[in-house]
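The values are calculated or read from the model by the stated rules, or taken from the named source; none is laboratory data. Values in this document were obtained by computation on a predicted structure and should not be read as measured data. Counting neighbours? That spans all protein chains shown, and the Cβs are built from the backbone with ideal geometry, glycine included.
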Amino acid sequence: FSEPPVTVMIVGSGLGLVYAWFFVKNKTRPALLSLTVCILAGATSALIVMAVSPAATNLGADTPSFVEWIQRTTQYTYLFVIDTIKRLPLPILFSIVCPALLAFVVYRDKTISNIPNGQTRRNIALALPFILILLIAAGFSTSAYGQSFPVERARFFAHYLMTITLVFEGVLLGIWISQIKWGFFNTVYFAYLPTLIMLMMVVYPFRAALRVIQNIPDYRAREQAWDRRDAHIYKLRELGQTDLTVPQFDGVDGVKELDTYQTHWVNRCAAKYYQVNSIRAIPIHGEEDMEAYYNYYGD
């Protein structure tokens with residue numbers, strides 16, 4: 001289980017239940033209510049199981065008060081949104097522009113008959129940001145309860161929900177613009193505008209790819225160091241050693257590396273994988289010291 005998705009499911013299904021109860025009046029209402037209640041009950045049961053787990057009971061007196069919990073949840077949600085806008089302005093822009101452009105092209109010369117009217121679309125466009133903030137806050141509430149800002153894995157769902165919201169907003173924007181009879185749309189300049197936007201969209205992935213390529217040397221060096229340590233562990237095992245001490249690496253992207261304490265769960269899993277009694281890692285600073293360590297064992 002993971003707490004953020006569960007809390008998002010609880011709040012999301014709760015909102016869906018309220019909507020189905022008050023606004024859905026057709027024959028699909030019973031089935032929709034039954035499905036939503038089942039999702040809400042399942043998510044609530046999962047949260048209860050996690051609440052009584054040993055990890056949750058260890059929080060003890062460190063848990064915040066209700067007011068502090070709400071304050072931290074609000075603060076973390078605000079910081080996430082602001083940080084995302086500052087760090088990812090182009091992805092956010094393209095998440096709106098791309099669907100807006102596609103919707104504009106599709107509906108420009110057509111009469112809209114199979115989608116909600118203008119007032120309904122406006123209400124949806126205004127409601128989506130509030131729903132997004134509420135769902136992000138629901139997911140971050142578990143981290144706020146544990147008194148820490150959500151780690152990257154706990155923020156993944158928030159990025160996902162934000163992207164979906166931006167795409168929907170872009171579609172609604174494109175439909176709205178397609179129904180406006182501006183004279184600019186009939187000029188020769190506008191004919192080249194979609195082409196220019198599409199070229200910009202084509203260039204952007206190359207920019208992202210360039211950033212990834214720049215990280216290849218670091219990841220290649222990491223791969224070589226990890227493979228060398230892996231072979232070293234097997235050699236120590238062949239020499240008859242069962243309680244191993246190996247070089248320690250820094251974690252990458254929040255991934256836990258071998259710990260100094262052999263009782264850490266990562267070390268215990270590694271010991272079981274390599275079929276030895278125990279493994280502990282010690283920091284070795286500098287390439288010369290690392291080479292001296294391996295030369296000592298003849299690697």
**Prompt:** Within the stretch 275-292, can you find the residues that are buried (at least 16 other Cβ atoms within 10 Å of the Cβ) and either closer than 20 Å to Ala225 by Cα or not assigned by TED's automatic domain parsing to the domain that holds Leu239 (or both)?
**Reply:** Ile279, Arg280, Ala281, Ile284
**Complete:** Checked Ala100, Ala138, Ala158 against criteria (at pLDDT 85 or above, surrounded by 15 or more Cβ atoms within 10 Å (Cβ to Cβ) and under 25 Å from Met200 (Cβ atoms)); the one match is Ala100
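Report the residue count in the stretch 236-252 for those that are farther than 14 Å from Ile279 by Cβ and of a type outside the set (Asp, Glu).
We begin by selecting, within the stretch 236-252, every residue farther than 14 Å from Ile279 by Cβ; these are 238-240, 250-252.
Subset that is of a type outside the set (Asp, Glu): 239-240, 251-252.
Qualifying residue count, the stretch 236-252: 4.
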**Message:** Can you pull out every residue in the stretch 235-274 that is in a helix (DSSP H, G or I) and surrounded by 12 or more Cβ atoms within 10 Å (Cβ to Cβ)?
**Reply:** Lys235, Leu236, Arg237, Val266, Asn267, Arg268, Cys269, Ala270, Ala271, Tyr274
**Request:** Kindly list, by first and then second residue, each pair from a residue in the stretch 126-153 that is in the same structural domain as Val167 (by TED's automatic domain parsing) to a residue that is in a loop (DSSP other than H, G, I, E, B) and hydrophobic (A, V, I, L, M, F, W, C), limited to pairs with Cβ atoms under 7 Å and residues at least 6 apart or on different chains.
**Result:** Ser143/Phe149; Gly146/Leu59
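Sort through His264, His285 and tell me the only one that's over 30 Å from Ala154 (Cα atoms) and either in contact with a helix residue (DSSP H, G or I) (Cβ under 9 Å, 6 or more places away or on another chain) or free of Cβ contacts under 8 Å to residues at least 24 places away in the same chain (or both).
Details: His264 fails: over 30 Å from Ala154 (Cα atoms).
Selected residue: His285, the only one of His264, His285 that is over 30 Å from Ala154 (Cα atoms) and either in contact with a helix residue (DSSP H, G or I) (Cβ under 9 Å, 6 or more places away or on another chain) or free of Cβ contacts under 8 Å to residues at least 24 places away in the same chain (or both).
If a residue has to be small (Gly, Ala, Ser) and more than 20 Å from Glu238 (Cβ to Cβ) to count, how many in the stretch 250-299 make the cut?
So in the stretch 250-299, the residues small (Gly, Ala, Ser) come out as 251, 254, 270-271, 278, 281, 286, 292, 298.
When the remaining residues are screened for being more than 20 Å from Glu238 (Cβ to Cβ), the result is 251, 254, 286, 292.
So the count comes out to 4.
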